[in-house]
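The values are calculated or read from the model by the stated rules, or taken from the named source; none is laboratory data. Fair warning: this is a prediction, and the values are worked out from it, not measured in the lab. Cβ placement follows ideal geometry from the backbone for every residue including glycine, while neighbour counts extend to all protein chains displayed. Ligands, DNA and RNA are stripped out before the accessible areas are found, and what is left, the full protein with its side chains, is counted by its heavy atoms. Shrake-Rupley method; radii C 1.70, N 1.55, O 1.52, S 1.80 Å.
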Amino acid sequence: MFRRPVLVRAALVAAVALLGTACSTDAARQPGPPAATVAPARLGRTLPDDPVRMVLPATGAETRWTQGLYVFGQQVTRVAAADCARKGGFALPAQAPLAFIRFFALPDLDFVARHGLSTSADVPAAATAPTTARAGSAAQVRRCQAQGAQAAAALSDLYLPLEQRWFGELGAVDRAPATVRARRGLPGCLAGHGAPAKDERAFIGVADARQQAATPADLPATERAMGGVYADCMRPVEAVRDPARLSLRTRFLADHAAEVRTLRRKLVPALRAAEKRYGVTLVFPEP
């Protein structure tokens with residue numbers, strides 16, 4: 001299985017939890033924005049010029065490649081497990097559709113401004129033939145799921161140890177005095193947009209309350225409006241963090257030069273081989 005780095009996973013869990021947190025009644029009663037038409041997010045297939053940018057993202061835009069990489073691993077897991085079950089003459093339990101998951105530790109502000117805090121491109125569904133096979137036993141399902149995880153690990157083992165160390169380094173940027181100073185302007189900016197909140201975490205709660213109160217017809221525009229507020233107010237913060245993370249990555253690459261050389265040599269050929277073997281296409285969300 002492709003495993004997300006610990007810090008990123010924690011940030012995502014926190015974001016999901018906050019999206020479910022109730023906020024003040026006043027926030028929920030704010031009127032929604034006028035309707036607007038925005039083309040849906042698209043899928044891209046172009047890899048970065050350097051796979052480092054996909055595995056060790058330093059900007060929000062680079063995380064689009066990282067999101068695609070994680071989804072690709074999940075798709076490989078599912079296809080390999082399904083092949084195992086088909087050969088065994090049984091069916092695996094149904095699974096929820098896959099989705100691209102944002103990295104709010106490295107916010108992709110242009111994407112958020114256009115599509116909102118959660119909406120992204122749809123992950124293509126894997127082509128599967130209809131089956132009337134019996135359901136597999138618990139042991140059979142576990143065996144095939146293990147085979148699926150093993151198939152994905154053959155890819156993630158090429159980059160995951162290095163990636164985990166990289167995400168562990170990013171906290172230094174958030175703790176830097178320049179970042180702390182930039183964040184001080186966030187509450188005033190949010191209040192100026194009519195979305196008072198003391199920080200990002202509180203803003204997610206305000207956004208959720210307004211989206212929960214929106215009618216189905218108004219929901220897309222409400223989500224985009226809240227994404228626009230978030231993007232506007234976070235741009236001064238990212239103007240500080242982006243160059244700091246890029247500089248940090250330069251030092252990180254020098255400190256891990258041998259592992260980076262191996263990554264650059266092996267990862268893309270392995271991904272292309274997996275595309276052919278499992279019939280899955282590596283794609284990325286694009287605004």
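Do we find that ALA149 is in contact (Cβ under 8 Å) with a residue 24 or more places away in the chain, of a type in the set (Gly, Ala, Ser), under 16 Å from GLY73 (Cα atoms) and open to solvent by 40 Å² or more (accessible area, probe 1.4 Å) in this structure?
Considered against the rule, which asks whether it is in contact (Cβ under 8 Å) with a residue 24 or more places away in the chain, of a type in the set (Gly, Ala, Ser), under 16 Å from GLY73 (Cα atoms) and open to solvent by 40 Å² or more (accessible area, probe 1.4 Å), ALA149 comes out as no.
Under 7 Å between Cβ atoms, which residue pairs at least 6 apart in sequence (or on different chains) link something in the stretch 244-264 that is among the β-branched types (Val, Ile, Thr) with a partner that is assigned to a helix (DSSP H, G or I)?
Final answer for the pair search is VAL260/VAL52; VAL260/LEU253.
Report yes if PRO161 is more than 23 Å from GLY227 (Cβ to Cβ), at pLDDT 90 or above, open to solvent by 60 Å² or more (accessible area, probe 1.4 Å) and of a type outside the set (Phe, Trp, Tyr), otherwise no.
Yes; evaluated as a whole, the condition is true for this residue.
Of the residues ASP83, ASP50, ASP122, which is of a type in the set (Asp, Glu) and under 17 Å from the mean Cα position of the chain (by Cα)?
The conditions single out ASP122.
Could you identify the single residue in GLY116, GLY171, GLY205 that is open to solvent by less than 50 Å² (accessible area, probe 1.4 Å), touching a Cys at 6+ places or on another chain (Cβ under 7 Å), among the small types (Gly, Ala, Ser) and within 30 Å of VAL240 (Cβ to Cβ)?
Result: GLY205 is the single residue among GLY116, GLY171, GLY205 that is open to solvent by less than 50 Å² (accessible area, probe 1.4 Å), touching a Cys at 6+ places or on another chain (Cβ under 7 Å), among the small types (Gly, Ala, Ser) and within 30 Å of VAL240 (Cβ to Cβ).
Considering ARG261, ARG251, ARG272, which residue is open to solvent by 60 Å² or more (accessible area, probe 1.4 Å) and under 16 Å from TRP65 (Cβ atoms)?
Only one candidate qualifies: ARG272.
Of the conditions (1) free of Cβ contacts under 8 Å to residues at least 40 places away in the same chain; (2) touching an Asp or Glu at 6+ places or on another chain (Cβ under 7 Å); (3) not hydrophobic (A, V, I, L, M, F, W, C), GLN95 satisfies every one except a single condition; which number is it?
Of the numbered conditions (1) free of Cβ contacts under 8 Å to residues at least 40 places away in the same chain; (2) touching an Asp or Glu at 6+ places or on another chain (Cβ under 7 Å); (3) not hydrophobic (A, V, I, L, M, F, W, C), the odd one out for GLN95 is (2).
Can you work out which of the residues in the stretch 131-145 that are farther than 13 Å from GLN74 by Cα and part of a helix (DSSP H, G or I) is least open to solvent (accessible area, probe 1.4 Å)?
Going through the qualifying residues, I end up with CYS144.
State yes or no: is ALA182 of a type outside the set (D, E, K, R), modelled with pLDDT of 95 or more, assigned to a helix (DSSP H, G or I) and open to solvent by 40 Å² or more (accessible area, probe 1.4 Å)?
In short, no.
Scan the helices (runs of 4 or more DSSP H) fully inside the stretch 1-113 and keep the ones with 3 or more residues being touching a Pro at 6+ places or on another chain (Cβ under 9 Å), modelled with pLDDT of 50 or more and open to solvent by 10 Å² or more (accessible area, probe 1.4 Å).
Because the criterion is at least 3 residues that are touching a Pro at 6+ places or on another chain (Cβ under 9 Å), modelled with pLDDT of 50 or more and open to solvent by 10 Å² or more (accessible area, probe 1.4 Å), the helices (runs of 4 or more DSSP H) in the stretch 1-113 that meet it are 63-88.
Outside any helix (DSSP H, G or I), surrounded by 14 or more Cβ atoms within 10 Å (Cβ to Cβ) and touching a residue at least 24 places away in the same chain (Cβ under 8 Å) - does that describe any residue in the stretch 227-243?
no
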